[in-house]
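Report on the structure given below.
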Amino acid sequence: MPLNFGYLGMGKQSEVNTPVAPTLFFRLQDLPSVRAVAQFAEFPAFDNYGTPNIVPAQRYGEAEVSVVVTPRAIGALLSALLGLPTTTGTAPNFIHSFTPKTSFSYWTVEAQNGIGIHRLVGGLASRLEFTHRAGGYLTARATLVGVDRTTTGTAATPSYEDSPFPVGQATVSVAGSAITARVEEVSVVLDFPKSPFQSLSTVAAADVYPEGTGDVTANMTVVFDSTGDANRLSDYLAATARAVALTWTRDANTEITISFQGILTEDPWVRANNDTGMARARFAFKAVRSSGDLVTVTLKNGQSSY
């Protein structure tokens, strides 16, 4: 039998410290990393030539994954980051609306790296970065933290989706004006920190909880247009919030949209290419909350719930 070098799957847990088998699987960009973070305490010993003693204190789990975004599986990472969505619609057109929550359902993140099968137990995501470049497809890189890392001897049988979001399915708009045709690269980072909660009664962390404030940023590189982009340069000076929306649409029943109110946080640079003569501009946005939620991610697919 050939060696399966890697898979990544996620399963929704009912208890924070009880792992489950994965039900949603991702196509990988690189081999995932699931590791235990061990903490130790050192105390001095003045006998035995002053040699200090080391005792194990506590541990928790961390994971770094890079995946191809597919319509159903990405909802698991969004749930782990933002909390469970509000779901409407009927098959095959379910609409899941993700907004930042303060309570979460925990996930088992199971990864095979070579012959090792590792599980992040009680996992939540603290950071999720979406990236799409011209000539490519939508990808996501996630950072997760859990109450523990364990191993299992039984490999899952992955069932993958063959439905990525390549070029031609993306729409980028600022203030209601579509600029998709001139965008070369776009990325958006959803940063909602999570920390392991460690207590006196357990070796593994007892829980994972949100800590700090959320932060949403987006960057895009466009071929500069003297008329349309000049207006966006003036937005920087005015510090005016503009509606930013990034949408990827496969068909009438399959779509993902990331939307927020953003202001330009850096003076956009404009750089000419000596070979082509085209000028390129980079716009850096930061989400602001004037009303409603800091960010909304709307996922349309055939998955009934998360």
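State all residues of the stretch 277-306 that are more than 22 Å from the chain's Cα centre (by Cα) and in contact (Cβ under 8 Å) with a residue 60 or more places away in the chain; if no residue qualifies, say none.
280, 281, 282
What single numbered condition from (1) over 14 Å from the mean Cα position of the chain (by Cα); (2) assigned to a strand (DSSP E or B); (3) not polar (S, T, N, Q) fails to hold for residue 67?
Unmet for residue 67, out of (1) over 14 Å from the mean Cα position of the chain (by Cα); (2) assigned to a strand (DSSP E or B); (3) not polar (S, T, N, Q): (1).
What are the residue pairs meeting all of these: first residue in the stretch 255-268, first residue of a type in the set (D, E, K, R), second residue part of a strand (DSSP E or B) and buried (at least 17 other Cβ atoms within 10 Å of the Cβ), Cβ atoms under 6 Å, and 6 or more apart or on different chains?
Taking only residues 6 or more apart or on different chains, the pairs are 255/300; 266/284.
Which one of the conditions (1) within 17 Å of residue 71 (Cβ to Cβ); (2) loosely packed, with under 15 Cβ neighbours inside 10 Å does residue 26 fail to meet, given that it meets all the rest?
With respect to (1) within 17 Å of residue 71 (Cβ to Cβ); (2) loosely packed, with under 15 Cβ neighbours inside 10 Å, residue 26 is out only on (2).
Which residue pairs have Cβ atoms under 9 Å apart, sit 6 or more places apart or on different chains, and have a first residue in the stretch 25-39 that is closer than 23 Å to residue 161 by Cα and acidic (Asp, Glu) and a second that is modelled with pLDDT of 85 or more and in a strand (DSSP E or B)?
30/65; 30/66
One residue is enough: does the stretch 75-85 have a residue meeting the conditions of a type in the set (A, V, I, L, M), in contact with a Pro (Cβ under 9 Å, 6 or more places away or on another chain) and at pLDDT below 95?
No - not one qualifying residue is present in the stretch 75-85.
Identify the residue in the stretch 124-151 that is assigned to a loop (DSSP other than H, G, I, E, B) and in contact (Cβ under 8 Å) with a residue 60 or more places away in the chain and, among all such residues, is farthest from residue 197 (Cα to Cα).
138
Can you tell me which residue within the stretch 185-212, out of those that are in contact with a Phe, Trp or Tyr (Cβ under 9 Å, 6 or more places away or on another chain) and under 23 Å from residue 137 (Cα atoms), is surrounded by the fewest Cβ atoms within 10 Å (Cβ to Cβ)?
189
Only one residue in 141, 149 is modelled with pLDDT under 95 and closer than 29 Å to residue 60 by Cβ. Which one?
Exactly one of 141, 149 is modelled with pLDDT under 95 and closer than 29 Å to residue 60 by Cβ, namely 149.
Which members of the stretch 141-176 meet the condition of being among the small types (Gly, Ala, Ser) and touching a helix residue (DSSP H, G or I) at 6+ places or on another chain (Cβ under 7 Å)?
Selection gives 142, 170.
Return yes when residue 217 is surrounded by fewer than 18 Cβ atoms within 10 Å (Cβ to Cβ) and at pLDDT 80 or above and no when it is not.
Judged against the criteria, residue 217 is a match.
Would you be able to tell me the number of residues in the stretch 180-212 that are under 16 Å from the mean Cα position of the chain (by Cα) and assigned to a loop (DSSP other than H, G, I, E, B)?
Counting residues in the stretch 180-212 that are under 16 Å from the mean Cα position of the chain (by Cα) and assigned to a loop (DSSP other than H, G, I, E, B) gives 2.
Looking only at residues that are among the charged types (D, E, K, R) and touching a residue at least 60 places away in the same chain (Cβ under 8 Å) in the stretch 73-123, which one is farthest from residue 162 (Cα to Cα)?
The selected residue is 119.
Have a look at 182, 232 and point out the one that is at pLDDT below 85 and surrounded by 15 or more Cβ atoms within 10 Å (Cβ to Cβ).
Among 182, 232, only 232 is at pLDDT below 85 and surrounded by 15 or more Cβ atoms within 10 Å (Cβ to Cβ).
Scanning the stretch 127-162 for residues that are among the polar types (S, T, N, Q) and surrounded by fewer than 17 Cβ atoms within 10 Å (Cβ to Cβ), which turns out farthest from residue 117 (Cα to Cα)?
Across the stretch 127-162, the extreme among qualifying residues is 159.
Need at least 3 residues that are under 14 Å from residue 306 (Cα atoms) per element, so show me which strands (runs of 3 or more DSSP E) inside the stretch 73-116 make the cut, counting only ones lying wholly within it.
Those strands (runs of 3 or more DSSP E) span 86-90, 93-98.
Scan the stretch 213-221 and tell me whether some residue there is under 30 Å from residue 57 (Cα atoms) and part of a strand (DSSP E or B).
No: zero hits.
The values are calculated or read from the model by the stated rules, or taken from the named source; none is laboratory data. Note that the structure is a prediction, hence the values are computed from the model and not measured. So basically every Cβ, Gly included, is an ideal-geometry build from the backbone, and we count neighbours across all protein chains shown.
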